[in-house]
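Each reported figure results from applying straightforward, stated rules to the coordinates on display, with no laboratory input. Keep in mind it's a predicted model, so treat the numbers as computed, not measured. Quick reminder, even Gly has a Cβ in these numbers, built from the backbone with ideal geometry, and neighbours come from all protein chains shown.
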Amino acid sequence: MTIDAVELREIRLPLISPFETSGWKEEEKTCIIASLEEGSDIGYGECAVSQGPWYGPETLTTAWHIMEEHILPKILGKDFDNPQAFLSAVSHIRGHNMTKAAFEMALWDLLAKKKKTSLSRMLGGTGTKIQSGVSVGLQKSINELVEVVGEYVKQGYLRVKLKIKPGWDTKQVGAVRKQFPSLRLMADANGAYSPEKKDELVQLDQFGLMMIEQPFAWDDMVEHAILQSMIRTPVCLDESVSSLNDMKTALALQSCRVLNIKPARVGGLTVSKKIHDLCLSKKMPVWCGGLLETGIGRAHNVALASLAGFVLPGDISASNRYFKQDIVNPEFTLNNDGTLDVPQKKGIGVEVLADRLEENTKVKKRFRV
Ligand SMILES: [Mg+2]
């Protein structure tokens, strides 16, 4: 299959409400949508970068640079029969996982469309529904936090994740736990705690959380292992695992008992699947996180989450959790049982709306052979 044309679009999509974590605040959704074309078929992938290097080291600017200068010459007019071949073609580029992931996922979509099969099926997915959870950013007050959580519980989400940071943890989590005693609840610090603040994390052990996600720095597997040995609550890694080798390290050090897999973070679906398979073989539960993706990235995440090892509800919420209107049809909607349907049509299984894409495009560039 030869890539005839590539289109890159920088997207700005308004968020219903700002999303704040321990380290940054997003007022709008930014990303680069990469599309790969062969004949009349188009595969779509999302590069889930922010304007700044907050979640990870990449930005809109670095991603566009790596795409245009270093990846495009390796793919335009070239033949790819499988996504691994793409990864081999760009293996000389170190890091830049989110940038690579955009093309790698677009290629999965394109290949699935060519084979007239759904992305989920092509990945080996077995589920037709995935369990949906929601991530709640930092709020202005405890009352507002409890209110926001209550709203999501009413909507039917199966688990709620609270963003925490030093000074916004025990009291806040305790208040939510008191109001919702049986809610499947967890906390995510995005690496905001220093090892000296371990006591505050140990305090969280009393709330029966499903897990505490990434309390320490993204490059610190050792402190996570020490904390895990001190608490009953499972530690979950996110930012610390950006490759299969990282996962091997985490397993060897016993740094976590749960993993959050984000295709964007690990360079796409191929590596996600390898990490999933490794975790499944070690009986470690995984779930699929997100980076406020548009319907395109969301569709890829849903397909991945249909694999057998994704036994916990993830961060994949309905489109209307983030956007007034998504850029795909149909949008992702929450079923009464707190699940999202896995699209069964070919490729990502949702139609990308050309006018919605165009309306929200800030910069675009097209490349032909
Ligand atoms: Mg996280």
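With only the Cα atoms considered, the range 121-341 has a convex hull volume of 114 Å³ per residue. What residues of the range 229-271 lie in the reach of a label at residue 311, counting those whose backbone N is under 14 Å from a point 7 Å from the Cα along Cα→Cβ? So the set is 257-259. Our coupling estimate for the range 364-369, obtained by passing each phi through the Karplus curve with A = 6.51, B = -1.76, C = 1.60 and θ = phi - 60°, is 9, 8, 10, 10, 10, 4 Hz, Gly and Pro reported as x. Ranked by the mean number of other Cβ atoms within 10 Å of their residues, highest first, the peptides 266-274, 320-328 come out as 266-274, 320-328. In this Cβ point-charge picture (+1 for Lys and Arg, -1 for Asp and Glu), the range 156-230 has a dipole of about 540 debye about its Cα centre. Fully extending the segment from residue 251 to residue 170, taken as 0.36 nm per residue of separation minus the present Cα-Cα distance, adds 26.3 nm.
Considering only beta bridges that DSSP places wholly inside the chain, some 65 percent are antiparallel.
Computed packing ranks the peptides 30-36, 156-162, 176-182, 190-196 as 30-36, 156-162, 190-196, 176-182, most packed first, by mean other Cβ atoms within 10 Å.
Once backbone amide H atoms are built at 1.01 Å from N, residue 213 has 187, 188, 189, 236 as its partners under 5 Å, excluding neighbours fewer than 5 places away on the same chain.
Of the beta bridges in the range 121-341, as assigned by DSSP with both residues counted there, near 20 percent are antiparallel. Based on the Stokes-Einstein relation at 20 °C and a viscosity of 1.002 mPa s, and on the Kirkwood radius from alpha carbon pairs, the chain is assigned a translational diffusion coefficient of 104 µm²/s. Note that the range 11-20 has calculated 3J(HN,Hα) couplings of 10, 10, 10, x, 8, 4, 9, x, 10, 10 Hz, one per residue in order, obtained from phi through the Karplus relation 6.51 cos²θ - 1.76 cosθ + 1.60 (θ = phi - 60°); glycine and proline are x. Summary of packing: across the peptides 147-155, 111-119, the per-residue average of other C-beta atoms within 10 Å ranks them, highest first, as 111-119, 147-155. Membrane-span-like helices in the chain, defined purely by DSSP H runs whose alpha carbon atoms cover 24 Å or more axially and whose average Kyte-Doolittle hydropathy reaches -1.0, are 97-114. Helices in the chain, meaning DSSP H runs of at least 4 residues, each add -39500 (n - 2.57). Divided by all residues, the mean residue ellipticity at 222 nm is -9500 deg cm²/dmol.
Expressed as a whole percent, the proportion of Cα-Cα pairs in the range 221-369 lying more than 19 Å apart is 58%.
The 3J(HN,Hα) values that the Karplus relation (6.51, -1.76, 1.60; θ = phi - 60°) gives for the range 313-320 are, in residue order, x, x, 9, 7, 9, 5, 4, 6 Hz. Gly and Pro appear as x. Each Lys and Arg adds +1 at its Cβ and each Asp and Glu adds -1 at its Cβ; summed about the Cα centre, the chain shows a dipole of about 740 debye.
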